[in-house]
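Enquirer: Mind having a look at this structure? Questions to follow.
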């Protein structure tokens with residue numbers, strides 16, 4: 001029996017929202033005109049998102065009595081039957097793979113609805129909050145400690161995916177969700193797989209986010225885990241500087257700068273500059289894997305677990321207090337180290353040495369323990 005399809009985005013379902021992770025809008029629209037539950041159990045409430053790959057609906061699972069999000073993957077109507085079948089199968093295969101991942105920073109997939117002649121529908125957890133993109137648009141930029149907390153969450157999610165052979169391929173602030181409680185989740189797994197295996201023109205026209213695409217993808221190389229690492233580096237850069245590292249007036253100018261221009265300075269990065277420099281190596285072979293950068297991010301993060309990010313601004317010191325003295329330890333760890341770990345180099349110091357040697361600097365005990373502000377922005 002065919003799976004009932006979600007209404008087309010043009011049907012009345014409340015005011016459509018911009019493309020975003022599955023989330024409850026501030027003022028949900030009225031329910032769709034057809035009240036029949038999808039697959040006999042999912043009652044639609046309102047459309048809450050629509051993007052290049054499909055539409056997202058808030059719904060109620062009448063069987064388990066919980067709110068869920070339904071995402072329909074749109075199959076282009078002019079696509080041939082063979083290509084459409086391949087796209088459906090690839091979508092289902094990737095959704096199953098993501099459903100098998102167990103990580104607190106990956107949106108949970110509950111169910112997959114599919115039929116031979118209908119577009120796949122993925123049932124997943126419904127999140128309340130807003131994307132990192134909207135957060136940055138509201139606050140401008142955040143502290144390195146806040147950005148590193150987000151980095152821990154995203155890197156943890158990517159490491160779990162990479163260990164299962166899954167490449168996200170579209171890591172960017174719009175696909176990172178911050179819940180009302182500060183919980184950080186990476187969304188939209190797998191939807192970019194078929195779209196990023198294209199030429200430069202296809203990337204610029206279809207994906208629409210060239211500021212976060214790795215240089216090797218722009219030049220036609222296949223996507224791998226290193227491409228996700230680059231996108232994470234661009235995201236961290238945007239968190240502390242308020243904009244991605246490469247941005248031009250047109251998508252073509254942006255991707256051209258990504259390939260040919262050096263990584264610009266990031267003066268607000270603080271110690272996070274170590275992670276950004278390691279992730280934004282132009283050569284994927286020289287780029288830090290997300291698994292390797294996780295310990296560095298944890299040393300910097302306000303919450304080393306990455307579970308929740310606090311976006312409140314720290315109180316400014318009173319004017320009469322004078323300047324804040326520099327910390328005695330330029331590489332503070334998150335906990336008091338034991339006698340054994342005191343003799344071991346920190347991950348941050350290790351990456352300082354690696355980056356310095358890669359870029360022709362001379363390592364020395366004095367500079368290996370110093371601050372990394374602006375140190376690797378050649």
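Enquirer: Output the number of residues of the range 232-244 satisfying the condition of being closer than 9 Å to residue 211 by Cβ and part of a helix (DSSP H, G or I). Step through it out loud before you land on a result.
Expert: To start, the set of residues in the range 232-244 that are closer than 9 Å to residue 211 by Cβ comprises 234, 238, 243-244.
Now restrict to residues that are part of a helix (DSSP H, G or I): 234, 238.
Residues in the range 232-244 being closer than 9 Å to residue 211 by Cβ and part of a helix (DSSP H, G or I): 2 in total.
Enquirer: Within the range 188-229, which residues are part of a loop (DSSP other than H, G, I, E, B), at pLDDT 85 or above and either over 23 Å from residue 281 (Cα atoms) or touching a helix residue (DSSP H, G or I) at 6+ places or on another chain (Cβ under 7 Å) (or both)?
Expert: 213, 214, 219, 223
Enquirer: Further, regarding this structure: Output the number of residues of the range 157-172 satisfying the condition of being surrounded by fewer than 24 Cβ atoms within 10 Å (Cβ to Cβ) and in a helix (DSSP H, G or I).
Expert: Qualifying residue count, the range 157-172: 5.
Enquirer: I need the full set of residues from the range 233-272 which are out of contact with any helix residue (DSSP H, G or I) (no Cβ under 8 Å at 6 or more places or on another chain) and within 11 Å of residue 147 (Cβ to Cβ), in order please.
Expert: 241
Enquirer: Can you name the residue in the range 137-148 that is surrounded by fewer than 17 Cβ atoms within 10 Å (Cβ to Cβ) and either not in a helix (DSSP H, G or I) or not assigned by TED's automatic domain parsing to the domain that holds residue 176 (or both) and is also farthest from the chain's Cα centre (by Cα) among such residues?
Expert: Result: 140.
Enquirer: Something else now. Find the residue count for the range 91-119, including only residues that are in a helix (DSSP H, G or I) and more than 24 Å from residue 154 (Cβ to Cβ).
Expert: Our first condition is that a residue be in a helix (DSSP H, G or I); within the range 91-119, this holds for 91-99.
Add one more test, that the residue is more than 24 Å from residue 154 (Cβ to Cβ), and what stays is 92.
So the count comes out to 1.
Enquirer: Which condition from (1) outside any helix (DSSP H, G or I); (2) within 19 Å of residue 162 (Cα to Cα) is the one that residue 296 breaks?
Expert: It is condition (1) that residue 296 fails.
Enquirer: Okay, next question. Tell me which residues, restricted to the range 15-38, are surrounded by 15 or more Cβ atoms within 10 Å (Cβ to Cβ) and modelled with pLDDT of 60 or more.
Expert: Here is the first cut: in the range 15-38, the residues surrounded by 15 or more Cβ atoms within 10 Å (Cβ to Cβ) are 16-17, 19-25, 28-29, 31-32, 37-38.
37, 38, listed by residue number.
Enquirer: Which number in (1) crowded, with 22+ Cβ neighbours inside 10 Å; (2) more than 20 Å from the chain's Cα centre (by Cα); (3) closer than 13 Å to residue 189 by Cβ marks the one condition that residue 93 misses?
Expert: Checking residue 93 against (1) crowded, with 22+ Cβ neighbours inside 10 Å; (2) more than 20 Å from the chain's Cα centre (by Cα); (3) closer than 13 Å to residue 189 by Cβ, the one that fails is (1).
Enquirer: Before we move on, is residue 114 farther than 18 Å from residue 231 by Cβ, touching a helix residue (DSSP H, G or I) at 6+ places or on another chain (Cβ under 7 Å) and in contact (Cβ under 8 Å) with a residue 60 or more places away in the chain?
Expert: On the way: farther than 18 Å from residue 231 by Cβ: yes; touching a helix residue (DSSP H, G or I) at 6+ places or on another chain (Cβ under 7 Å): yes; in contact (Cβ under 8 Å) with a residue 60 or more places away in the chain: yes.
Yes, satisfied.
Enquirer: Hey, does the range 297-309 have a residue that's in contact (Cβ under 8 Å) with a residue 12 or more places away in the chain, surrounded by fewer than 20 Cβ atoms within 10 Å (Cβ to Cβ), under 20 Å from residue 173 (Cβ atoms) and within 18 Å of the chain's Cα centre (by Cα)?
Expert: Yes, because at least one residue in the range 297-309 is in contact (Cβ under 8 Å) with a residue 12 or more places away in the chain, surrounded by fewer than 20 Cβ atoms within 10 Å (Cβ to Cβ), under 20 Å from residue 173 (Cβ atoms) and within 18 Å of the chain's Cα centre (by Cα).
Enquirer: Given the criterion surrounded by fewer than 20 Cβ atoms within 10 Å (Cβ to Cβ), in the same structural domain as residue 176 (by TED's automatic domain parsing) and over 19 Å from residue 210 (Cβ atoms), identify the matching residue among 268, 247, 260. Even if it seems obvious, please write down each step before you answer.
Expert: On the way: 247 fails: over 19 Å from residue 210 (Cβ atoms); 260 fails: over 19 Å from residue 210 (Cβ atoms).
Exactly one of 268, 247, 260 is surrounded by fewer than 20 Cβ atoms within 10 Å (Cβ to Cβ), in the same structural domain as residue 176 (by TED's automatic domain parsing) and over 19 Å from residue 210 (Cβ atoms), namely 268.
Enquirer: Next question, about the same structure. When you scan the range 131-155, how many residues do you find that are modelled with pLDDT of 95 or more, touching a helix residue (DSSP H, G or I) at 6+ places or on another chain (Cβ under 7 Å) and farther than 11 Å from residue 238 by Cβ?
Expert: Selection size over the range 131-155: 7.
Enquirer: Pairs please, first residue from the range 122-136 and more than 20 Å from residue 59 (Cα to Cα) and outside the structural domain of residue 59 (by TED's automatic domain parsing), second anywhere and at pLDDT below 90 and surrounded by fewer than 19 Cβ atoms within 10 Å (Cβ to Cβ), Cβ atoms under 8 Å, 6+ apart in sequence or on different chains.
Expert: Hits for this filter: 135/311.
The values are calculated or read from the model by the stated rules, or taken from the named source; none is laboratory data. All values reported here derive from a predicted model rather than from experimental measurement. Heads up, the Cβs are rebuilt from the backbone with ideal geometry, glycines too, and the neighbour counts pull from every protein chain shown.
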